[in-house]
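Here the structure is laid out as structure tokens; the discussion comes afterwards.
The values are calculated or read from the model by the stated rules, or taken from the named source; none is laboratory data. Because the structure is a prediction, the values reported are computed rather than measured. Note: ideal-geometry Cβ built from the backbone for every residue, glycine included; neighbour counts use all protein chains shown.
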Amino acid sequence: MGMGIKNKILIAIQGLAYYMRPQNTFEKVKKKNILILIDSVGIGDIVLQLSALHNLNKFMKNKSEYKLYLAANTIICNFLRNIESTFDMELIEVDFSIENKQNFYIFKSNYCKINNNYYDYIISFDNLGGYIKTIIIGLKYGEIIFSENQFSRKLIAKDFVFRLFLKNVNFVKIDHSVQSLTHKSLICKKVLYEVLKCLSNKNEFIDEYSEHEIPVLYQKNKIENNYCVITAGIAKGHDYPYRGWNIEKFAHVANFILANTDLIICLSGTNDDEVANSELYSMIKNKRRVINLTAKTSFDEWVEVLRNAEFIFGNDSGYIHLASMLRTKSFVIAGFWNYGRFLPYGDDVEVCAKPIDIRIDKPKCALCSIIKHNCMEKVACDKKVLKDGIYKCIDDITSEMAIEAVKSHYISPKG
């Protein structure tokens with residue numbers, strides 16, 4: 001038996017032990033506690049939840065009887081602090097990272113950090129996986145409100161096991177099909193309204209659901225000339241790591257922009273993006289019109305670089321969703337592994353700057369992260385991943401397709 005299986009069994013046993021005999025016991029008090037759980041590690045995930053958190057905060061402004069807690073990975077907590085969007089919540093830093101979800105001692109640590117209150121409501125604007133549910137069964141709470149995708153009998157059977165231990169579950173049904181998913185921002189909105197119904201005795205909803213505005217964080221050292229931002233890297237630790245477009249294709253697009261517009265190109269990103277952006281920089285012909293700020297900006301500076309750009313061009317990663325929140329045009333190299341969940345933004349998604357998808361025609365193996373496929377397209381994609389480390393639906397996007405998208409949606413010719 002592998003160490004991973006052993007740890008999963010230990011975690012399950014420990015979760016059951018917490019359920020039968022919680023580490024702490026709490027009495028209900030006059031102050032009502034609400035716990036929001038964020039299981040994801042990606043910045044894009046939390047960006048798409050910002051408006052729901054913002055509107056919940058609006059609703060709570062005159063309700064002093066409630067105290068809000070948010071449990072999330074350190075990267076998520078730091079992101080909320082950096083963009084000044086903690087919404088008066090007390091942040092609980094935990095480790096829900098994928099690589100540590102089989103670590104028995106980290107599981108115990110996460111439980112102890114969260115198990116410090118009786119929670120009248122436990123809320124998730126997304127699905128709750130088995131790991132989080134194993135923590136919840138040992139908590140003292142009143143009601144759980146969350147949504148979840150259920151496509152296979154295996155998931156339904158697994159969920160049935162947890163329903164034996166989880167009480168007072170308010171499951172918000174989301175209308176999915178095997179051909180499309182519901183955009184995450186709409187799921188958040190639907191869960192929010194279910195939360196507000198539970199918190200209000202008179203259907204006292206917020207007057208108007210509004211988009212969150214990230215405040216201006218930094219005003220010094222602005223780039224004087226018009227510029228666009230290109231980032232060739234992707235966030236590390238992602239569930240789907242093979243979504244990075246070919247660097248030579250990025251270079252082809254960058255050289256087209258420099259030859260046909262008056263824009264400066266700003267290469268931007270974190271330390272994780274340095275290798276990809278350095279390779280891209282080496283392939284750009286007119287380096288005098290390129291500013292490489294990769295890993296050279298503070299978080300505040302980085303946000304304002306994105307905010308003030310003419311547009312952003314890059315892979316499917318968190319900064320694309322952040323650009324939308326900042327009202328900045330963006331072009332995204334997009335695939336089909338979770339088509340509709342994050343991209344594309346549909347007409348029913350209320351944002352001021354929807355990312356412009358650049359993608360091939362929909363293949364038969366779309367939604368491969370949810371649905372098991374055995375078609376020829378999936379076989380070819382699996383071979384491509386093994387050989388070149390890239391999804392076929394990404395690799396099949398040509399630089400000409402990307403250039404055509406930029407030409408169609410951004411026109412600023414050289415004077």
Seminar exercise, completed: If we keep only residues of the range 287-315 that are among the hydrophobic types (A, V, I, L, M, F, W, C) and touching a helix residue (DSSP H, G or I) at 6+ places or on another chain (Cβ under 7 Å), then the residue farthest from ARG81 (Cα to Cα) is VAL290
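Per-residue answers, yes or no, for (1) among the polar types (S, T, N, Q); (2) in contact with a Phe, Trp or Tyr (Cβ under 7 Å, 6 or more places away or on another chain); (3) under 30 Å from ILE9 (Cα atoms):
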position	(1), (2), (3)
THR74	yes, no, yes
CYS77	no, no, yes
ASN82	yes, yes, no
SER85	yes, no, no
ASP88	no, no, no
ILE92	no, yes, yes
GLU99	no, no, yes
PHE104	no, no, yes
LYS108	no, no, yes
Exercise. So, of the residues in the range 134-159 that are touching a helix residue (DSSP H, G or I) at 6+ places or on another chain (Cβ under 6 Å) and modelled with pLDDT under 90, which turns out to be farthest from VAL94 (Cα to Cα)?
Worked result: GLN150
Problem set entry | Filtered residue count, the range 71-93, keeping only those that are within 22 Å of GLU213 (Cα to Cα) and either over 16 Å from the mean Cα position of the chain (by Cα) or β-branched (Val, Ile, Thr) (or both) | 12
Exercise. Across the range 58-100, what is the number of residues that are of a type outside the set (Ser, Thr, Tyr), under 24 Å from TYR118 (Cα atoms) and touching a strand residue (DSSP E or B) at 6+ places or on another chain (Cβ under 8 Å)?
Worked result: 19
Exercise. Out of curiosity, is SER124 hydroxyl-bearing (Ser, Thr, Tyr), at pLDDT below 90 and out of contact with any Asp or Glu (no Cβ under 6 Å at 6 or more places or on another chain)?
Worked result: no
Exercise. Regarding VAL406, is this residue at pLDDT below 90 and under 26 Å from the mean Cα position of the chain (by Cα)?
Worked result: no
For this session: Identify all residues within the range 94-114 that are over 18 Å from the mean Cα position of the chain (by Cα) and surrounded by fewer than 19 Cβ atoms within 10 Å (Cβ to Cβ); write none if there are none.
Result: ASN100, GLN102, ASN103, PHE104, TYR105, ILE106, LYS108, SER109, CYS112, LYS113
